[in-house]
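Remarks on the structure that follows.
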Amino acid sequence: MKFAPLYLALAAAGLATPAFAAVVTGTVSDASGSPIVGAAVSVDGAATQAVTDKNGNYSLKVADNSHLHLHAGADNFAHSEVEIDTATGSLSKDFVLAPVNVENIVVTGSPLGRTALESTTPVSVLSDDALRKATAPSLGDTLENQPGVQASHFGPAASRPIIRGMDGPRVQVLENGLGVGDASTVSADHAVTTEASTARQIEILRGPATLLYGNGAIGGVVNVVDYRYSDQPIDGMTGSVGARYSTVDDGKTAVANLNTGNGKYYWHVDGTHRRASDEDIPGQAIEGVDNPSGKLANSQLSLDDFGFGTGYTGDDGYIGVSGSRTENKYGIPPSEAGSDEPTVSIDMRKTAWQLHSGLNDPFKGFKSLKFDGGYTHYTHAELENGDPDTVFTNKYSEGRVTLANDPWGEWQGVVGLHATHRDYRIDGEESLTPNTKTDSVAAFIVQERKVGDFRYQLGGRLENYHLKSGSMDLESLAGDQQYSPSDIKDNDLSLSAGTVWDFTPGYNLSVSLSRAERSATAEELYSYGPHDATRTFEVGSLYNINGGNVIPVGSDPKQETANNLDLTLRKFDGAWSGTLSVFYNKVDNYFYEHNTGLVASDLGDVEDGDLPVYQFSQADATLYGFEAQVNVPIGDYWSIDAMSDYTRGKLKDGGNLPRISPLRVGSTLNFDYQDWHADVGATAYSKQDKTAENETDTAGYTLVNASVGYHVYQSSGDLFVFLQGNNLTDKEARPATSFLKDTVPLPGRNLTLGVRYSF
């Protein structure tokens, strides 16, 4: 484990005890004077917080003689801040919070821990009942109805989130702020190894998020936050158990969470068990070909995911360690009709460890020190007709040190260091890339200043990126040759500036400008050879194809540079609420994988001769579009939710980027009465005819969904039962974002019955 000495040193630091000599007490109430229970009060940047009791009272220990920015917030209330010049002895400070008609949850994945309403960039949070009903076997399918988020739809198990047309190595998927460490960025058939069923919330940061997370977050971040560690005390026992059944695949899922603690030490365990058969589909799988209908062949899946955590929380800080084990075996639907194509499945294993620690007032000039570290050992075998053919292995280490500084003049925020190490190898018949090791070391800074109705934020990150690779064999019409790529060494610079303007009560406007650089991955550069799981012949960007000859290019690849502008208007008070975001992203040297129109036999591969040749290329590109959502109440029991999003991806020299989703418009009618909730809605996808060269058009379609849910509240806990219907009209749907759109449609009509008991 490459960063083990750093982990241990900082874990020990997390157990150190600074001196606290001041106490801030007070109440948190609403405008009518009623106490707000469970409101969180903290010093901006500190590692711990105080929570209000049933009378709205709080007591927060702070360092003596400190300049403090106190922050108070609660769900469904606008957060409030106050500045204290010197904290000495006992102080009293009350907060009055204004209600908002949207859930206002703290986004743990943001550099300064702000809420969606305070963020300079667009943020969405999926939690509670909405998350339980949306949970699917894959992360992409779980999030696909969120504004600006699509799914890659590579079968039911391997569907990765796409944010504003960007996916793969541009969208960083995190667990509790650390990379998942799997191989899902390598290829569309590789599943994301994080489980939504045991998550507390899922955070989606749209647009570049490279300041804190680095090279892989140039398109956005998805952060899955679970219960496996806590930075706040746990006293007593809480948890949940649940089960669900889906008709479309005879799917059965059981899930459990358990948390217990004594106010200082805590323990956690969780588990998910999922089994599903081949999916039902409307009509035939492969478009335009006579093949069996009604079932998507080889789309079964089997998953077991288990996790645990333990730790300590106190007034001075916290430390926690967690571990997890994921075993997932799933089929890859065939891309051709006939018996000659091998049956491909993936047998995946992942073991992951995380350590999180924080220390309040570690030394003069800083409010807190946080260390987050993780190690992941991931492997999967691609099986052809049940026999191992190729084995992918990824060992991933990550460490991040974050220091929250005392105010520098009127600015406050965080500075830090971030390091990652990736050891990636492929063994077997389909060694598409050489074995590689990737190291990055970065320093970052994010600072914020509030002036009247304006909140300003500035940030920067400098990252040293080093990709080392071994040699590989190339076979083409020119004969066999051995290729030994040169090391890639880059310095990636990212800068951002943003502001949030509360221009009138209940409204704000945020503007964000960013420039983010990204270095290429081994898959984008060196890939060469057949890949049975995707049924393609893949070629990296560092090769020229000339008359069937494949010639390595001697020059170094250029860094990808995204220049992004975001504007977001929010309305969060009054009769209705809504958000409108528009973005414009000019990307220099954009990497994209496209169909060349060649087949493998054109390059001398007779055995896999009919496989289409897909190559990574670089070109200047522009992506722009919008996301909009609105909630309008109608009387006491009814309301309407509506959303729309659109992304346009173009190449500067002409043509379109591949696999871009068209315009999407959806609306849902909701009914809420006491403990009942019901809804019915439809989402329409436009035709996609703005396609790349050698890419087929995609017909438009509309999906109709409905659900009904009921809560039974008892003193011992909450029982939630729901019935949900998806694609109720059994519509054939082929998403433009999928490599398999012509061979793998979306599932047909599906009814899901779920139950969850929380205590």
Review point. Quick one: what pairs do we get from segment 382-395, first residue closer than 14 Å to residue 427 by Cα, second open to solvent by 30 Å² or more (accessible area, probe 1.4 Å) and of a type in the set (Lys, Arg), C-beta under 7 Å, 6+ apart or different chains?
Key: 393/425; 394/422
Practice item. Scan segment 171-196 and report the pairs whose first residue is without any contact (Cβ under 8 Å) to a residue 40 or more places away in the chain and among the aromatic types (Phe, Trp, Tyr) and whose second residue is surrounded by fewer than 23 Cβ atoms within 10 Å (Cβ to Cβ) and not in a strand (DSSP E or B), with Cβ atoms within less than 6 Å and a gap of 6+ or a chain change. Key: none
Check your understanding: residue 400 versus (1) buried (at least 21 other Cβ atoms within 10 Å of the Cβ); (2) closer than 21 Å to residue 214 by Cα; (3) touching a Ser or Thr at 6+ places or on another chain (Cβ under 8 Å): which is the lone unmet condition?
Key -> (3)
Exercise for review: Those residues that are under 30 Å from residue 320 (Cα atoms), out of contact with any Ser or Thr (no Cβ under 6 Å at 6 or more places or on another chain) and not in a loop (DSSP other than H, G, I, E, B), I need them from segment 243-265; list them, please.
Suggested key: 243, 253, 254, 256, 258, 260, 261, 262, 265
Check your understanding: For residue 407, are the conditions met, namely being modelled with pLDDT under 95 and either among the β-branched types (Val, Ile, Thr) or in a strand (DSSP E or B) (or both)?
Key -> yes
Check your understanding: Out of (1) within 28 Å of residue 623 (Cα to Cα); (2) modelled with pLDDT under 95; (3) within 15 Å of the chain's Cα centre (by Cα), what's the single condition that is false for residue 112?
Key -> (3)
Exercise for review: For segment 494-522, name all the residues that are within 30 Å of residue 616 (Cα to Cα) and of a type in the set (A, V, I, L, M, F, W, C).
Suggested key: 495, 513, 516, 520, 522
Review point. List the pairs whose first member sits in segment 273-289 and is in a strand (DSSP E or B), whose second member is open to solvent by less than 60 Å² (accessible area, probe 1.4 Å) and modelled with pLDDT under 85, and whose Cβ atoms are under 7 Å apart, counting only residues at least 6 apart or on separate chains?
Key: 284/291
Review point. Any chance segment 138-145 includes a residue that's free of Cβ contacts under 8 Å to residues at least 60 places away in the same chain and in a helix (DSSP H, G or I)?
Key: yes
Review point. Would you pick out the residues in segment 207-235 that are open to solvent by less than 30 Å² (accessible area, probe 1.4 Å) and part of a strand (DSSP E or B)?
Key: 220, 221, 222, 223, 224, 225, 226
Review point. Quick one: how many residues across segment 453-470 are open to solvent by 60 Å² or more (accessible area, probe 1.4 Å) and either outside any loop (DSSP other than H, G, I, E, B) or small (Gly, Ala, Ser) (or both)?
Key: 6
Revision key, fill the gap. When every residue in segment 99-120 that is within 22 Å of residue 629 (Cα to Cα) and aliphatic (A, V, I, L, M) is compared, the one most open to solvent (accessible area, probe 1.4 Å) is 106
Point to revise | Residue check for residue 308: modelled with pLDDT of 95 or more, out of contact with any helix residue (DSSP H, G or I) (no Cβ under 8 Å at 6 or more places or on another chain), surrounded by fewer than 21 Cβ atoms within 10 Å (Cβ to Cβ) and of a type outside the set (Lys, Arg) | key: yes
**Study point:** Set 161, 169: member being open to solvent by 10 Å² or more (accessible area, probe 1.4 Å) and either within 12 Å of the chain's Cα centre (by Cα) or within 22 Å of residue 350 (Cβ to Cβ) (or both)
**Key:** 169
Exercise for review: Mind telling me which of the residues 322, 302, 335, 240 ends up being of a type in the set (S, T, N, Q), closer than 28 Å to residue 533 by Cα and touching a strand residue (DSSP E or B) at 6+ places or on another chain (Cβ under 8 Å)?
Suggested key: 302
Check your understanding: Which condition number does residue 520 fail, the rest of (1) modelled with pLDDT under 90; (2) touching a strand residue (DSSP E or B) at 6+ places or on another chain (Cβ under 7 Å); (3) closer than 30 Å to residue 441 by Cα; (4) small (Gly, Ala, Ser) being met?
Key -> (1)
Review point. If only one of 543, 507 is touching a strand residue (DSSP E or B) at 6+ places or on another chain (Cβ under 8 Å) and buried (at least 21 other Cβ atoms within 10 Å of the Cβ), which one is it?
Key: 543
Check your understanding: Among the residues of segment 1-35 satisfying the criterion of being more than 31 Å from the chain's Cα centre (by Cα) and open to solvent by less than 40 Å² (accessible area, probe 1.4 Å), which is modelled with the lowest pLDDT?
Key -> 18
Point to revise | Residue count, segment 360-382 (criterion: in contact with a Pro (Cβ under 9 Å, 6 or more places away or on another chain) and open to solvent by 10 Å² or more (accessible area, probe 1.4 Å)) | key: 5
Practice item. Being over 19 Å from residue 662 (Cα atoms), open to solvent by less than 50 Å² (accessible area, probe 1.4 Å), touching an Asp or Glu at 6+ places or on another chain (Cβ under 9 Å) and touching a residue at least 60 places away in the same chain (Cβ under 8 Å) is the filter here, so list the residues in segment 598-630 that pass it. Key: 599, 600, 603, 604, 605, 608, 611, 613, 614, 615, 616, 617
Review point. Can you name the residue in segment 458-483 that is at pLDDT 90 or above and among the hydroxyl-bearing types (Ser, Thr, Tyr) and, of all such residues, is farthest from residue 548 (Cα to Cα)?
Key: 465
Revision key, fill the gap. If you go through 93, 133, the only one that is open to solvent by 40 Å² or more (accessible area, probe 1.4 Å), in contact with a Gly (Cβ under 9 Å, 6 or more places away or on another chain) and either modelled with pLDDT of 85 or more or among the hydroxyl-bearing types (Ser, Thr, Tyr) (or both) is 93
Check your understanding: Cβ-Cβ below 6 Å, separation at least six or inter-chain, first residue in segment 424-440 and open to solvent by less than 30 Å² (accessible area, probe 1.4 Å), second outside any strand (DSSP E or B) and aliphatic (A, V, I, L, M): which pairs?
Key -> 433/522; 436/522
Revision key, fill the gap. Residue set 342, 388; condition more than 30 Å from residue 233 (Cβ to Cβ), modelled with pLDDT under 90 and assigned to a strand (DSSP E or B); output residue 388
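The values are calculated or read from the model by the stated rules, or taken from the named source; none is laboratory data. Because the structure is predicted, anything quoted here is derived from the model rather than measured. Cβ: placed from backbone, ideal geometry, glycine included. Neighbour counts: every protein chain shown. Side chains included, ligands, DNA and RNA excluded: accessible areas come from the protein's heavy atoms. Shrake-Rupley method; radii C 1.70, N 1.55, O 1.52, S 1.80 Å.
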